[in-house]
Amino acid sequence: MDIRAIFMGLTFALIWSSAFTSARIIVLQAPPLTISSLRFAVAGVIAITIAYALGQRIHLDRKNWHAVIIFGICQNALYLGLFFIAMQRIEASLASIIASAMPLIVGFASALLLGERLGKVGWIGLATGFFGVTLIMGSRMSNGVDIKGIILCIIGVTALAIAALNIQATSSKGNVLMVVGLQMLVGSIALLIPAIIFEVSSFTWTGSLFIAFSYTVLIPGIFATIIWFLLVDRIGATRASTFHFLNPFFGVMIAAVILDEQLTLIDIIGVLIVMAGIFAVQVSRQKT
């Protein structure tokens, strides 16, 4: 792994982790499904417009389209849609910790369903990582955290893991920005119908909502997704996923600084355990 890949991975992890804080600001002021659909529509149009200006066109075969649709529904509609709903009920730091379990779920699914050899270190890492997540959730639940919010996050991170397992097929060398825009539009369309059915879409734009929405669309939405696709093309999905071990740390720190969310000693210990577990799983997957 070269210096450029390391820099890309660190940048992606930092931006990806910050999205939970901006999302928390958004969903406290706007209906989550409506604002999510609008977010993906705006991001998709911007990405496709820039892609056309750069000479990229929609040149996808059937396999690529299949992967784009799965990625758009699983990551954007299910994962981010459910997390936006959940973060009306739970703090951004807890949401980021649950989301950080994605590499653990991918590792477990790869070993169980795809026949990938994980190794002793990997299985120890899985057990360690899941224990850390459980430790934090148990502590928060004893303090009265909303269980429905946790369940929504668990469903969402499972959908994210499915998207991650399809990331290699979604990547398209030389056509990355177009693919990013298309999967954004898929997510927007998938969220539009439930938003119309279940939500009242009237809300007032405030300064903080506009800033958080703009940041979420441009930085985590477009910029970080482009970095992720390029990183996967450069070093592969397994190695790229190694950087997810930093997400628990970045997620809770950003939420603590910007949103003033309180961290307990158990939270800190749990985050370190989760990071160690994720790192062990990814190192084991790289060796195999």
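The values are calculated or read from the model by the stated rules, or taken from the named source; none is laboratory data. Just so we're clear, the structure is a prediction, and the values are computed from it rather than from any experiment. Virtual Cβ from ideal backbone geometry, glycine too; neighbours counted across all protein chains shown.
Tabulated data
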| item | result |
| --- | --- |
| Residue list for the range 110-134, filter: among the polar types (S, T, N, Q) and outside any helix (DSSP H, G or I) | none |
| Failed item in (1) hydrophobic (A, V, I, L, M, F, W, C); (2) outside any helix (DSSP H, G or I); (3) within 23 Å of residue 256 (Cα to Cα), with residue 60 passing the rest | (3) |
| Residue check, residue 50 surrounded by fewer than 24 Cβ atoms within 10 Å (Cβ to Cβ), in a helix (DSSP H, G or I) and in contact (Cβ under 8 Å) with a residue 60 or more places away in the chain | yes |
| Qualifying residue in the range 214-227 (condition: in contact with a Leu (Cβ under 8 Å, 6 or more places away or on another chain) and surrounded by 21 or more Cβ atoms within 10 Å (Cβ to Cβ)) | no |
| Selection status of residue 41, in contact with a helix residue (DSSP H, G or I) (Cβ under 8 Å, 6 or more places away or on another chain) and modelled with pLDDT of 90 or more | yes |
| Subset of the range 72-103 that is modelled with pLDDT under 85 and among the hydrophobic types (A, V, I, L, M, F, W, C) - its residue that is surrounded by the most Cβ atoms within 10 Å (Cβ to Cβ) | 101 |
| Filtered residues of the range 9-47 (kept if surrounded by fewer than 20 Cβ atoms within 10 Å (Cβ to Cβ) and assigned to a helix (DSSP H, G or I)) | 10, 11, 14, 15, 38, 41, 42, 45, 46 |
| Candidates 147, 105, filtered to the one that is among the β-branched types (Val, Ile, Thr), under 30 Å from residue 43 (Cα atoms) and in contact with a helix residue (DSSP H, G or I) (Cβ under 9 Å, 6 or more places away or on another chain) | 105 |
| Breaking point among (1) farther than 28 Å from residue 111 by Cβ; (2) surrounded by 14 or more Cβ atoms within 10 Å (Cβ to Cβ), for residue 158 | (1) |
